[in-house]
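Each value in this text was obtained by applying a stated rule to the coordinates, not by laboratory testing. Just so it is clear, the structure is predicted and the values come from calculations on it, not from any experiment.
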Amino acid sequence: MYAAMMDCEGDQLQTTSSAPPHLPSKPLRPASTPTALPASASIVAISSETYARLLSLADQAPLECLTLTPRTLARAKTLGYNRIGQIRGTPANRLLADLGEERADELKRALYDFGMRQPSGD
């Protein structure tokens, strides 16, 4: 196994291994999640374990990797939300209380656009 780090500027996973990883150009989804893709797109199937590892890695990425307005980013950072995983791990009602409806919705949309979803049970 090799170590990896997130580079939000290039939206790529950088590795320290000499083995080049195969990097898809679109966010990965678990193999069990059906999505409508254009005919020209290829489907990448990954195991749920691999998907969980990818989510764990993405959770370490800074909030600056998300497409957020400066106001929402500043407010989230003021409240101590510095990593994507902190947002994903916070229940929706807590984000709503901390950030207000407009900013909480913006964060949810940004996570979805980044290829992530909120953990179930919130």
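Worth pointing out:
- At full extension, Tyr51 and Asp113 could sit 20.6 nm farther apart than now, given 0.36 nm per residue minus the alpha carbon distance.
- Taking amide H positions as modeled 1.01 Å from N, with prolines and chain starts lacking one, the residues under 5 Å from Arg83 and 5 or more places away or on another chain are Leu63.
- Gain upon complete extension [Ile43, Glu64; 0.36 nm per residue less C-alpha separation]: 4.7 nm
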